[in-house]
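A.B. asks: So that we are looking at the same thing, I have put the structure below in structure tokens.
Bear in mind these aren't lab numbers, they're just calculated from the coordinates by the rules spelled out. Everything quoted here is computed from the prediction, not taken from an experiment. So basically every Cβ, Gly included, is an ideal-geometry build from the backbone, and we count neighbours across all protein chains shown.
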């Protein structure tokens, strides 16, 4: 093997190791914050849903007080 072949093989091995290390670090430092962001978004959607539900129930009870109180006529 010539020096050029060894240099090319070393460069390829170094590139593979670098890309693999970057991928592992990306998974470690990006995946966890993404999971936290997704959880935070889910909580916000739950809060928004509860707020809208309470608002529409309040509007419905003002529009139809007899239905909100449970009176069947």
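A.B. asks: What distance in nm lies between label points placed 7 Å from Cα along the C-beta direction at residue 51 and residue 19?
C.D. replies: 4.6 nm
A.B. asks: Can you give the convex hull volume of the alpha carbon atoms of segment 3-68 per residue, in Å³?
C.D. replies: Working: hull volume 5.0 nm³, N = 66.
Hull volume normalised by residue count: 75 Å³.
A.B. asks: Could I have the simple spin-label model distance between residue 12 and residue 30, label points 7 Å from Cα toward Cβ, reported in nm to one decimal?
C.D. replies: Between residue 12 and residue 30, the simple spin-label model gives 2.6 nm.
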